[in-house]
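Working notes for the structure below.
The values are calculated or read from the model by the stated rules, or taken from the named source; none is laboratory data. If you're wondering where the values come from, they're calculated on a predicted model, not measured in any experiment. So basically every Cβ, Gly included, is an ideal-geometry build from the backbone, and we count neighbours across all protein chains shown.
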Amino acid sequence: MNNYTLEYWLDDAWYVGRLREVPGVFSQGETLAELEENIREVYLLMIEDQDPAPLPALTKEIRLSS
């Protein structure tokens, strides 16, 4: 399970928010709980429509000296 940061603010009487780490996942709700539920739904719909993510490249940190 992934953890993401929900950034939210009030716009008139609505809670509006986005997932910081996932571009394009925005939603709103009349309550904070409704916003959280809607954000989850948008996220799940988004990943359902995507092609499977490619495997990450192998990485290794190296030290370079002059």
I need a count of the residues in segment 22-39 that are surrounded by 11 or more Cβ atoms within 10 Å (Cβ to Cβ) and within 21 Å of Gln50 (Cα to Cα).
7
Pairs, please: C-beta under 7 Å, at least 6 apart or cross-chain, first residue modelled with pLDDT of 75 or more and in segment 43-65, second surrounded by 10 or more Cβ atoms within 10 Å (Cβ to Cβ)?
Tyr43/Leu19; Tyr43/Val22; Tyr43/Val25; Met46/Val25
